Amino acid sequence: MTEFRHRGGRDTEPPLQQQPSEDKGSDSELRVEKEGVSDGESKGDSGVPEVPVSPDDTPEVLNKALSGLSSRWKNWWVRGILTLAMISFFFFIIYLGPMVLMMIVLCVQIKCFQEIITIGYSVYHSYHLPWFRTLSWYFLLCVNYFFYGETVTDYFFTLVQREEPLRILSKYHRFISFALYLTGFCMFVLSLVKKHYRLQFYMFGWTHVTLLIVVTQSHLIIHNLFEGMIWFIVPISCVICNDIMAYMFGFFFGRTPLIKLSPKKTWEGFIGGLFATIVFGIMLSYVMAGYRYFVCPVEFNNDSNRFQVDCEPSDLFQLQDYALPSILESVTGWTTVRLYPFQIHSIALSSFASIVGPFGGFFASGFKRAFKIKDFANTIPGHGGIMDRFDCQYLMATFVNVYIASFIRGPNPSKVIQQLLALRADQQLHIFNSLKTHLTEKGLLPALEEAAA
């Protein structure tokens, strides 16, 4: 980020080629860029304007109640109390159902986007970039229109086909989405100012990377939710558990630093969080796998125009006997153990949440250190902004979506039927005859006809 320098209140962005003497600051700019980036923050990031430090937003009630404690223990209690409050809110929205969960995901996405874009504006607001925030929010609208339009078409097909305006929007959805994005692209090109070319393109990239990180991942979270609430709740809970247990183990037993990006992270917290999260994931999966409300896919009922969560649980959520390895058999004295197959998958989910998930937090830490800020915002006392709490969740969402597509999900008959219903009558008749011939050759159709008789 050493390309940006702010000296004497002037924009001294280095020109693309030799300019007259009116840009005297640019020569020194180029010399600074060629020196390279030092490992020390004070040298490498000295030209990056700092984001204003947020004031302490801890509630006055907590400040008075914890006034006698040291800052270390005060922070511990503040984080603990607010964590319990957030977990209680999480349980409450689960109780309200999948539709509320989707709305919460959308709200979290918008808040995370706002926090990241605000950092960009706070750092570079002195350059007075034209239309920066307007275009950023416009692109957010375009990308959400594209992703959620695809979701509506996939999961509300019958409703879309029933309403003529929705059917037209669905048919030309991708063209409309592209036209909207193209409008924003042209607006960006028209907003380019001679002295700010490089900075404007940096901020254009800033906005698009933010969209990739935030909007795409939240879209995947909603897709995971449609597979069944258990695929939404267990991964998120594993990340929360790992965050809490790693903090607890690190707070009480931490001695060995884990990574320079996060000096407070320790190996003791990392390892303790790993084992605690795996155990938690297995136990939570066992409890949730026994309820249809959690394991059944979230589907839209066209008759009642409501979401419904009701099905015959798949084999993934049926108790089965598993033979124990000889080592565990000698220790426990058991020959078999009765588990839900999903519990085995939960080990993969909790392991990812504990081993790879924290790297989302390390990435966020590096980002914050680059701009010399402690938190993305001060929305939650003791925790920072919403993005500070969801930096690992977005990485987890992608893994869960890929995991389901690779190891869990099979062909979806309902989607095949939806696509067939969208065909012309002659095409449907051709497919019917082809399927009838295929089933007859396999000897299945006569058996079906006899059963029907």
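The values are calculated or read from the model by the stated rules, or taken from the named source; none is laboratory data. Given the structure is predicted, the values throughout are model-derived calculations rather than measurements. Cβ: placed from backbone, ideal geometry, glycine included. Neighbour counts: every protein chain shown. Calculation scope for accessible area: heavy atoms of the full protein, side chains included, ligands and nucleic acids excluded. Shrake-Rupley method; radii C 1.70, N 1.55, O 1.52, S 1.80 Å.
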From the options Ile230, Ile213, residue that is farther than 30 Å from Phe188 by Cβ and either of a type in the set (A, V, I, L, M) or open to solvent by less than 60 Å² (accessible area, probe 1.4 Å) (or both): Ile230
Search segment 217-253 for residues being more than 15 Å from Ile104 (Cβ to Cβ) and among the aliphatic types (A, V, I, L, M), and hand back the single one that is farthest from the chain's Cα centre (by Cα). Met248
Among residues of segment 341-395 being open to solvent by 10 Å² or more (accessible area, probe 1.4 Å) and on the phi > 0 side of the Ramachandran plot, the residue modelled with the highest pLDDT is Lys372
Anything in segment 296-340 that is open to solvent by less than 80 Å² (accessible area, probe 1.4 Å) and part of a helix (DSSP H, G or I)? List them, or say none. Leu316, Phe317, Glu329, Thr332
Spot the failing condition for Val160; the list is (1) touching a Ser or Thr at 6+ places or on another chain (Cβ under 6 Å); (2) surrounded by fewer than 14 Cβ atoms within 10 Å (Cβ to Cβ); (3) not hydroxyl-bearing (Ser, Thr, Tyr), and only one is missed. (2)
Show the residue pairs meeting these rules: Cβ distance below 8 Å; 6+ apart or different chains; first residue within segment 159-184 and at pLDDT below 85; second residue crowded, with 16+ Cβ neighbours inside 10 Å and aromatic (Phe, Trp, Tyr). Leu159/Phe300
Only one of (1) open to solvent by less than 40 Å² (accessible area, probe 1.4 Å); (2) outside the structural domain of Tyr403 (by the TED database); (3) within 30 Å of Val287 (Cβ to Cβ) is not met by Cys241, so which one is it? (2)
Restricting segment 109-145 to residues that are open to solvent by 40 Å² or more (accessible area, probe 1.4 Å) and charged (D, E, K, R), which is modelled with the lowest pLDDT? Arg133
Restricting the search to segment 266-280, which residues are in contact with a Leu (Cβ under 8 Å, 6 or more places away or on another chain) and either among the polar types (S, T, N, Q) or open to solvent by 80 Å² or more (accessible area, probe 1.4 Å) (or both)? Thr266, Trp267
Residues in segment 215-226: is at least one closer than 28 Å to Thr118 by Cβ and not in a helix (DSSP H, G or I)? no
Give the number of residues within segment 397-416 that are part of a helix (DSSP H, G or I), open to solvent by 70 Å² or more (accessible area, probe 1.4 Å) and modelled with pLDDT of 80 or more. 3
Tell me which of these Pro263 doesn't satisfy, since it passes every other one: (1) within 26 Å of the chain's Cα centre (by Cα); (2) surrounded by fewer than 17 Cβ atoms within 10 Å (Cβ to Cβ); (3) assigned to a helix (DSSP H, G or I). (3)
